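Each remark here refers to the structure printed beneath this line.
The values are calculated or read from the model by the stated rules, or taken from the named source; none is laboratory data. Keep in mind the model is a prediction, meaning the values are calculated, not measured. Don't worry about glycine lacking a Cβ; one is built from the backbone with ideal geometry, like all the others, and counts go over all protein chains shown.
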Amino acid sequence: MNSCITVLLADITTLHCDAIVNAANRSLLGGGGVDGAIHRAAGAELLEECRTLGGCRTGEAKITKGYRLPAKFVIHAVGPVYSGAREDAVLLADCYRNSLDLARENGVRTIAFPAISTGVYGYPVREATKVAVDTVKKWLADNSDYTMEVTFCCFDERTRKVYEEQTARIIG
Ligand code: AR6
């Protein structure tokens, strides 16, 4: 199987993946940051579909169509608001794992993640990146019967550099 991880500096709304992940909030009704950008690019139909979903718990994920985006699906994951508690990392890892499970259930082969929780939700980039990379690597190992191309889509150079360092690292 040819699963792989790529790090990219880009606007996630421009990516031609089967699915892009949104760093949403529990209402799933839009917001700022990457959430705002995804809703603007997808158009009003995305919000209409999101209204039918009844929100989403922190650490969980829900899927919609991508509408006017080049991506076929949007997977809306709700990251934790950073508090410094041990639970933060558990909930952040849940976001990545649940998004990948949902992606696989929907036949997704290429998926892009933003740096969930590291913007408005205040999660320190280095800590969040370690959780993201370790969780994705473990998921790929646990799903070695399925080919999935994972892209970490960074929006600034500093975050990209941290992802490059972490993905080059061996787990442990
Ligand atoms: N493409 C890729 N990454 C982006 C883009 C983009 N177009 N725009 C921003 N980022 P944030 P959070 C990066 O704040 O911390 C919203 O209001 C950004 O630089 O979008 O999980 C929601 O509705 C940062 O690295 O998400 C929630 O209320 C990363 O995406 C809340 O913000 C995440 O930043 C969620 O906060």
Of N2, N22, which residue is polar (S, T, N, Q) and either in a helix (DSSP H, G or I) or buried (at least 18 other Cβ atoms within 10 Å of the Cβ) (or both)?
N22
Might you let me know whether segment 35-42 holds any residue that is in contact (Cβ under 8 Å) with a residue 12 or more places away in the chain and closer than 17 Å to L140 by Cβ?
no
Specify which of the listed residues (A103, A85) is at pLDDT 95 or above and surrounded by 16 or more Cβ atoms within 10 Å (Cβ to Cβ).
A103
Let me confirm something: among I38, I75, I63, which residue is more than 13 Å from the ligand (Cβ to nearest atom), buried (at least 21 other Cβ atoms within 10 Å of the Cβ) and of a type in the set (A, V, I, L, M)?
I75
Over segment 104-146, the set of residues in a loop (DSSP other than H, G, I, E, B) and within 19 Å of K161 (Cβ to Cβ) is P114, A115, I116, S117, T118, G119, Y123, P124
Hits in segment 7-19 - residues which are near the ligand (Cβ under 6 Å from one of its atoms) and surrounded by fewer than 24 Cβ atoms within 10 Å (Cβ to Cβ):
D11, T13
Counting only residues that are closer than 22 Å to I38 by Cα and in contact (Cβ under 8 Å) with a residue 60 or more places away in the chain, which one in segment 116-135 is nearest to the chain's Cα centre (by Cα)?
I116
How many residues are in a helix (DSSP H, G or I) and under 18 Å from C95 (Cα atoms) when one looks only at segment 31-70?
5
Count of segment 84-123 residues which are hydroxyl-bearing (S, T, Y), away from the ligand (no atom under 14 Å from the Cβ) and out of contact with any Ser or Thr (no Cβ under 8 Å at 6 or more places or on another chain)
0
Residues of segment 138-150 being surrounded by fewer than 20 Cβ atoms within 10 Å (Cβ to Cβ), closer than 16 Å to V108 by Cβ and not acidic (D, E), which ones?
L140, N143, Y146, T147
